[in-house]
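Colleague: Before anything else, here's the structure in question.
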Amino acid sequence: KELMGSEQRVAAETHVLTLPLPFQGHINPMLQFSKRLASKGLKVTLLSFTDKEWTKAAEHGSVNVQIIFDDTLFAEITDQEDTVYINNLYATVKRRLPEVVAKHGECGYPISCLVYDSLMPWALDIATELGLLGATLFTQSLAVSNIYYEVHQGKLKVPVEKTAAAVEGMPPLEIHDLPTFLSDLESYPLLLKLSAGQFSNIGEADWVFFNTFNSLEDEVLNLMARQCAIKPVGPTIPSMYTDKRVKDDKDYGLSLFKPDEESCMKWLDSREPCSVVYVSFGSLSILGERQMEEIACGLKMSCHYFLWVVRETEKEKFPSRFLDETSEKGLVVTWCPQLEVLAHKSVGCFMTHCGWNSTLEALSMGVPMVAMPQWADQTTNAKFVADVWRVGVRVKVDEEGIVTGKEIELRIREVMEEETAIEIRKNSEKWEKLAKEAVDEDGSSDKNIQEFVAKLICNST
Ligand code: UDX
């Protein structure tokens with residue numbers, strides 16, 4: 001709600017720090033949440049661990065950006081092991097946060113609260129020591145978090161080896177529907193520890209926010225809400241996609257990659273409505289050479305137009321002859337403005353790895369999905385996309401762990417052409433409407449944000 005006079009002044013003096021993990025899939029939701037808080041009148045500073053070009057701007061729209069990068073700790077960031085990396089994040093926050101808080105206090109903008117990524121629960125302890133309130137933001141789904149919570153509580157034993165796992169509040173889950181960390185302990189011991197560790201001090205956080213919305217995950221929400229006061233604040237998509245009055249907020253996030261904006265949008269403009277398959281596997285997934293070949297083959301056989309994001313680091317595996325064979329049909333770029341692409345009328349479906357952001361973005365834009373999960377929480381997200389929300393189909397993996405070109409062709413046809421496509425499109429439109437309602441003024445997520453802001457303002461007076 002609009003603030004009046006003195007309230008507005010107090011809000012502008014109420015200063016919140018936000019702390020994302022330095023990965024694209026974590027920066028985007030935290031930045032958008034920061035923008036929502038700023039749009040309600042608060043002063044917001046996002047602390048960045050990375051010193052990429054964008055952070056040099058020192059602000060991003062309504063949000064200030066402050067780098068807490070420490071080059072002695074992060075000099076060889078890509079070569080470091082996971083544990084060392086996390087320890088370095090901890091050491092940086094432990095050392096820099098007191099300085100940051102003191103400095104803003106001296107400048108007349110004291111900090112009242114730290115909003116931190118749930119994968120850094122120790123940030124709450126540091127904030128508490130400094131006398132700040134602490135709010136955690138989960139950037140995965142409630143369903144996935146519920147599974148990790150069961151692991152944390154010892155209710156779900158790992159490794160899960162049996163075919164099906166019964167998790168309260170969830171549909172029956174087969175092993176391939178569970179987050180991959182639960183079945184492959186050898187490959188991801190630290191990531192499982194971190195995922196379950198998100199709940200280690202949850203009872204002490206002043207607020208527990210989730211990038212989801214009430215109606216999307218109502219059953220799990222009701223279940224988990226019995227144990228802690230969860231507040232959905234998503235989907236954290238830029239307000240211009242939900243609020244017709246917002247014109248200048250098209251920037252999705254602080255991009256760690258350089259988007260090929262002009263060529264993508266121009267190319268999409270020249271295509272028919274709903275004629276293009278958009279293909280992307282997010283910022284982290286690594287595909288094998290054979291899998292890349294099969295995707296190319298499937299796209300070609302589907303005979304649809306396609307826009308395919310192949311990150312710079314993945315390019316050497318790309319079957320280059322494929323481009324000559326399909327130059328009429330497709331465009332391959334190293335990064336794109338995904339939100340704009342999904343909102344474009346020419347896009348007919350999204351072949352996605354089902355990262356939580358990509359899933360929520362497609363859902364919020366009403367774009368049907370071909371789910372091709374790779375690892376982590378993506379497998380569970382894919383299960384919900386195909387069987388719970390029914391906004392897409394999921395590809396089958398063969399005995400060699402490959403999704404064949406034929407399978408890809410068939411699934412694309414299923415969401416683009418066949419009888420099933422009508423039903424999927426109808427469901428997608430339903431969820432698009434509900435997602436936008438949640439973040440619109442006085443929607444369920446917006447109310448949770450309003451409440452948070454009101455409490456912080458009240459604390460400041
Ligand atoms: C990861 C995990 O996979 C995800 O499941 C987890 O919940 C968060 O971290 P990532 O794999 O990168 O993230 O996928 P996703 O969550 O989909 O985030 C990618 C982000 O990059 C999205 O917001 C998407 O809009 C953006 N993006 C992707 C672009 O802007 N351009 C692109 O070309 C590709």
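Colleague: Output wanted: per-residue J couplings in Hz (rounded whole) for segment 167-174, from phi through Karplus 6.51 cos²θ - 1.76 cosθ + 1.60, θ = phi - 60°, x for Gly and Pro.
Modeller: 10, 4, x, 10, x, x, 10, 8
Colleague: What are the ³J(HN,Hα) values, in whole Hz, obtained from phi via the Karplus relation 6.51 cos²θ - 1.76 cosθ + 1.60 with θ = phi - 60°, for each residue of segment 327-336 in sequence order, with x given for Gly and Pro?
Modeller: 4, 6, 9, x, 10, 10, 10, 8, 6, 9
Colleague: How are the C-alpha pair distances of segment 282-355 spread across 10 Å bins, as whole percents from the shortest bin up?
Modeller: Going from the shortest bin to the longest, the percentages are 17, 55, 27, 0.
Colleague: Also, quick follow-up: Lys433: which aspartates and glutamates have alpha carbons under 19 Å from its alpha carbon, excluding same-chain residues fewer than 8 sequence positions away?
Modeller: The qualifying aspartates and glutamates are Glu217, Asp218, Asp243, Glu340, Glu361, Glu423, Glu441, Asp442, Asp446.
Colleague: I would also like to ask the following. Segment 150-213: which trypsin sites (Lys or Arg not before Pro) are DSSP loop and have at most 13 other beta-carbon atoms within 10 angstrom? Before the final figure, lay out the partial values.
Modeller: Numbers: sites: Lys155, Lys157, Lys162, Lys193; in loops: Lys155, Lys157, Lys162.
Sparse-neighbourhood loop trypsin sites (Lys or Arg not before Pro): Lys155, Lys157, Lys162.
Colleague: Related question: Collect residues whose amide H, placed 1.01 Å from N in the peptide plane, falls under 5 Å from the amide H of Leu256; neighbours closer than 5 in sequence don't count.
Modeller: It is none; the list stays empty.
Colleague: If you take every residue apart from Asn427 with its C-beta less than 12 Å away from the C-beta of Asn427, what net charge results, scoring Lys and Arg +1 and Asp and Glu -1?
Modeller: Net charge in that neighbourhood comes out at +1.
Colleague: Here's another thing I want to ask about it. Mind checking the full-extension length gain between Lys433 and Ser200? Use 0.36 nm per residue of separation minus the Cα-Cα distance, one decimal, nm.
Modeller: The span from Lys433 to Ser200 would gain 80.4 nm if fully extended.
Colleague: Output wanted: per-residue J couplings in Hz (rounded whole) for segment 265-273, from phi through Karplus 6.51 cos²θ - 1.76 cosθ + 1.60, θ = phi - 60°, x for Gly and Pro.
Modeller: Each residue of segment 265-273 in turn: 5, 4, 5, 5, 4, 8, 9, 5, x Hz.
Colleague: Over the chain, what is the relative contact order in whole percent, taking alpha-carbon pairs under 8 Å and six or more residues apart? Numbers along the way, then the final one.
Modeller: Working: 805 pairs, mean separation 69.9, N = 461.
Answer for the chain is 15 percent.
Colleague: If you don't mind, there's one more thing I want to ask. Hey, what's the per residue convex hull volume over the C-alpha atoms of segment 165-316, in cubic angstrom?
Modeller: Considering the Cα atoms of segment 165-316, their hull volume per residue is 216 Å³.
Colleague: Continuing with this model, one more query. What are the residues whose amide H is under 5 Å from the amide H of Phe210, where those residues sit 5 or more places off or on another chain and H is modelled from the backbone?
Modeller: For Phe210, the qualifying residues are Phe138, Lys231, Val233.
Colleague: Which length gain, in nm to one decimal place, applies between Glu325 and Glu312 when the Cα-Cα distance is subtracted from 0.36 nm times their residue separation?
Modeller: Difference between extended and current length: 2.6 nm.
Colleague: Follow-up question, since we're still on this one. How much net charge surrounds Lys406 when only other residues with a Cβ under 15 Å from its Cβ are counted (Lys, Arg +1; Asp, Glu -1)?
Modeller: Details: positive: Arg290, Lys300, Lys396, Arg411, Arg413; negative: Glu293, Glu294, Asp398, Glu399, Glu400, Glu407, Glu409, Glu414.
My count for the surroundings of Lys406 gives -3.
Colleague: In terms of modelled amide H atoms, which long-range or inter-chain residues lie less than 5 Å from the amide H of Ile67?
Modeller: Ser48
Colleague: Also, I was wondering about something else. Neighbour counts of other C-beta atoms within 10 Å: give me Ile126, Ile67 arranged from fewest to most.
Modeller: Ascending Cβ contact count within 10 Å gives the list Ile67, Ile126.
Colleague: Additional query: Let's test this: bin the Cα-Cα distances of segment 313-461 at 10 Å from zero up to the farthest pair and state each bin's percent.
Modeller: 10, 31, 33, 15, 7, 3, 0
Colleague: Work out, step by step, the length gained on full extension between Leu256 and Asp440: first 0.36 nm times the residue separation, then minus their alpha carbon distance; give nm to one decimal. Write down the numbers at each step before the final one.
Modeller: Values: separation 184, 0.36 × 184 = 66.24 nm, distance 2.82 nm.
So the chain would gain 63.4 nm between Leu256 and Asp440.
Colleague: Past the 20 Å Cα-Cα mark, which pairs from Lys345/Lys436; Lys35/Lys426; Lys43/Lys455; Lys300/Lys406; Lys266/Lys329; Lys266/Lys345? Could you put the intermediate results ahead of the total?
Modeller: Details: Lys345/Lys436 18 Å; Lys35/Lys426 31 Å; Lys43/Lys455 15 Å; Lys300/Lys406 10 Å; Lys266/Lys329 14 Å; Lys266/Lys345 13 Å.
Checking Cα-Cα distances, Lys35/Lys426 exceed 20 Å.
Colleague: Taking the Cβ of each residue in Glu325, Glu407 as the centre, tally the other Cβ atoms inside 10 Å and list the residues starting with the fewest.
Modeller: Neighbour counts put them in this order, fewest first: Glu325, Glu407.
Colleague: While we're looking at this one, here's another question. Take the Cα radius of gyration of segment 377-461 and divide it by 2.2 N^0.38 Å, with N its residue count; two decimals is plenty.
Modeller: 1.64
Colleague: Turning to a different aspect of this structure: Neighbour counts of other C-beta atoms within 10 Å: give me Met372, Met265 arranged from fewest to most.
Modeller: Met265, Met372
Colleague: Would you mind pulling out the separation of the Cα centroids of segment 186-231 and segment 319-382, in Å?
Modeller: Comparing the Cα centres of segment 186-231 and segment 319-382, I get a distance of 27 Å.
Colleague: Counting Lys and Arg as +1 and Asp and Glu as -1, what is the net charge of the other residues whose Cβ lies under 11 Å from the Cβ of Gly169?
Modeller: Numbers: positive: Arg226; negative: Glu150, Glu168, Glu217, Asp218, Glu219.
Residues close to Gly169 contribute a combined charge of -4.
Colleague: Here's something else I'd like to know. How large is the translational diffusion coefficient of the chain in µm² per second when you combine the Kirkwood radius over alpha carbon pairs with Stokes-Einstein at 20 °C and 1.002 mPa s?
Modeller: So the translational diffusion coefficient is about 94 µm²/s.
Bear in mind these aren't lab numbers, they're just calculated from the coordinates by the rules spelled out. Model, not experiment: these values are computed from the prediction. Backbone-built Cβ (ideal geometry, glycine too); neighbour counts: all protein chains shown.
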